[in-house]
1. What is the residue count in the range 17-52 for residues that are surrounded by 14 or more Cβ atoms within 10 Å (Cβ to Cβ) and in a helix (DSSP H, G or I)?
2. How about the range 69-119: which of its residues are within 16 Å of the chain's Cα centre (by Cα), charged (D, E, K, R) and in a loop (DSSP other than H, G, I, E, B)?
3. State all residues of the range 60-87 that are surrounded by 14 or more Cβ atoms within 10 Å (Cβ to Cβ), of a type in the set (A, V, I, L, M) and under 29 Å from residue 20 (Cα atoms); if no residue qualifies, say none.
4. Please specify each residue of the range 46-105 satisfying the condition of being of a type in the set (Val, Ile, Thr) and either in contact with a Phe, Trp or Tyr (Cβ under 8 Å, 6 or more places away or on another chain) or in contact (Cβ under 8 Å) with a residue 60 or more places away in the chain (or both).
5. Tell me, please, whether a residue that is of a type in the set (Ser, Thr, Tyr), under 22 Å from residue 104 (Cα atoms) and over 22 Å from the mean Cα position of the chain (by Cα) can be found in the range 28-49.
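Derivation of every value follows stated rules applied to the coordinates shown; laboratory data play no part. The structure displayed is predicted, hence computed values, not measured ones. Note: ideal-geometry Cβ built from the backbone for every residue, glycine included; neighbour counts use all protein chains shown.
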Amino acid sequence: MSGPTIELTVFTDQGDEVELTIPARFVVCPRCQGAGSHVNPAIDGNGISPQEFLEDPDFEESYFRGDYDVSCYRCGGRRVIKKIDRLKATKAEKKLFDDHERELRELEAEEAAERRVGA
């Protein structure tokens, strides 16, 4: 297979473990919008009000200058990520990939719920 690919291990409906190599394409990272970095969520994860900038103009200047930026958590600073190429992937590959992504989202939601209750 030429071009970028996504490699992952998935489980079929029958419970068999399958190694997949799926055609991919590069897209601009949605986390950093292609900048390769973003503000550290510890700084603005809960939002920053205009009032905070008014109270501390030095903070505002540092913030917009990028002093609080970190390498993008999603792309690692590469500015692009791989995304499944649905035009090149087979129907079976798309189903296995979609099932895998759904399971990951469900697991992340379950872990977030457990964190909220202190588990």
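1. Qualifying residue count, the range 17-52: 1.
2. Across the range 69-119, the qualifying residues are 74, 78, 79.
3. Selection gives 80, 81, 84.
4. The answer is 48, 80, 81, 84.
5. So far as the range 28-49 goes, no, none of its residues is of a type in the set (Ser, Thr, Tyr), under 22 Å from residue 104 (Cα atoms) and over 22 Å from the mean Cα position of the chain (by Cα).
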